[in-house]
Amino acid sequence: MNKIMNDNRHAKKLCNGYFIYILLFVYFVLISGHVYAVDESSCKVCHSENAVEHEQSVHAELDVTCVTCHGGDPSDPDSTAMSPEKGFKGNPSRLEIPDFCSRCHADRTIMAQYGLNVHQLEDYKLSDHGKALYNGDTNVAVCTDCHGQHRILAVSDPRSSVSHDNIARTCSKCHSNKELMDQYGLPSDAYRDYINSVHAKPLHGATQATATCAACHSSHGASKPEALAVQNVCSQCHSHVREYIKNSPHHELAEKGVMSCESCHGYHAIKSVTEQKLLSACVSCHERNTTATEVADNIYSQISTTRKDYTEALKIVDQLEFERHFVQDLRGRLEEAKMGLLEAARDIHTLDPRRVEERLVITNAVVDEVHRREEQYRESRRTWNIALIPMWMFILVLSFLLYWKKCKDESED
């Protein structure tokens, strides 16, 4: 009897165990079905990390899904979701990536919705990167190297790898790799030079009005500008300088490509050629004590003298303001005078001392006005101090008489 009862209890335990397994199986089937119903993508189950990155991208905002790029059936929880029969395309090779992305980005109907250029692929194929890639060199940059793979952000997003403030750092991932750059005979210090240049400085402030890699080399059509093209590239921002050079002795040489902007300013480590550096820039091509260096000395002397006088005038106005004189009009005039200095610095490109002198006329006039006003205030103070002498003498005499009278009254008492 006991044996039968034990067998019944054992059978009951087995039934309960199987029942629990069946319930768990049904539960997971229902849960997994719920996941697919909610996410509508079996891709996220296996590729969760990529899914998280994609959800942060501009593609996710625009309903560009895994299937849009890779194909397949996201409602299928099995491996058959990635079968060719269901349109699965898989991951493109580096050689295939530009054409892979252009399926949408070269489609005028799609890109017109967002105001995006549809010629990126055409530009890329003409770039140094594209030419090398389509010749079989897969070491060069492709779309994903710059934009990322799944977490692709809009260019206007400050977090984007291709935003204005980040593009130079993105380019440096390859262009600071000495081993890689040596293969192409390119410098690996371009980024280091750039961040110390006059172009990079505004990046650390509030303004974006400065040149990045893409501004000079283009973005998708990235290439190194030839000598004749450099002045055209620079004149996109410095249009006035091109006009100045047309009136200079350098014009003919610039037209022939013998010299260009970088001859004086350098490449990536671009510095402002101020009047202090003018002579050193000139002697890189011209010998000292020649007509060319005499012109440089003349221009340097004019601008440096005026700049020194202007700085002194600023200090005078600050002192007069500290002494509570009304000098707001002079401060405004000095701002106008500053423009004269800036224009004179630009006119260095003409290499015409007379033109530089004309630019400095207003600045020198304002400086003279500051000195005249200072002299007027000083003269007024001297006059006032002289006028106070009789008053102080009267007060002293009156004080003496009052004191004398007090002493006399006390002695009589």
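Laboratory data are not the source of any read-out in this text; all were calculated from the coordinates shown. What you see is a predicted model; the values in this text were computed from it and never measured. Cβ atoms come from the backbone with ideal geometry, glycine included; neighbour counts cover every protein chain shown.
Contact order for the chain, expressed relative to its length and based on alpha carbon pairs under 8 Å spaced 6+ residues apart, stands at 9 percent. The helix-based estimate of mean residue ellipticity at 222 nm for the chain, built from -39,500 (n - 2.57) per DSSP H run of four or more residues and divided by its residue count, is -19000 deg cm²/dmol to the nearest 500. A Cβ-based charge dipole, computed about the Cα centre of the chain with Lys and Arg at +1 and Asp and Glu at -1, lands at about 820 debye. Of the residues Met393, Met339, Met181, the one that moves most in a GNM of the chain with alpha-carbon contacts below 10 Å is Met393.
Given their separation in residues at 0.36 nm each and the Cα-Cα distance between them, Val64 and Val45 gain 5.0 nm when the chain is fully extended. Applying 0.36 nm per residue to the separation of Arg94 and Arg378 and subtracting their alpha-carbon distance, the gain on full extension is 94.6 nm.
Separation of the alpha carbons by more than 27 angstrom is noted, of Lys89/Lys173; Lys201/Lys256; Lys131/Lys178; Lys44/Lys178; Lys224/Lys271; Lys201/Lys246, for Lys89/Lys173; Lys201/Lys256; Lys44/Lys178; Lys201/Lys246. Each residue in Phe394, Phe100 was given a count of other beta-carbon atoms within 10 angstrom of its own, and listing them fewest first yields Phe394, Phe100. If you wrap the tightest convex hull around every Cα atom of the chain and split its volume per residue, you get 396 Å³. For the range 124-196, the square roots of the Cα gyration tensor eigenvalues, ordered a ≥ b ≥ c, give a/c of at least 1.5 with a/b no greater than b/c, which places it in the oblate category. Scan the chain and note any complete DSSP helix (H) whose C-alpha atoms cover at least 20 Å along its axis and whose Kyte-Doolittle average is -1.0 or more. Both cut-offs are met by 2-39, 291-322, 328-346, 361-412.
Compute the FRET efficiency between Arg169 and Glu321 as 1/(1 + (r/R0)^6), taking r as their Cβ-Cβ distance and R0 = 51 Å, and round to the nearest 0.05. Working from the Cβ atoms, E equals 0.70.
The chymotrypsin sites (Phe, Trp or Tyr not before Pro) of the range 306-369 that meet both conditions, a loop assignment by DSSP and at most 12 other Cβ atoms within 10 Å of the site Cβ, are Phe326.
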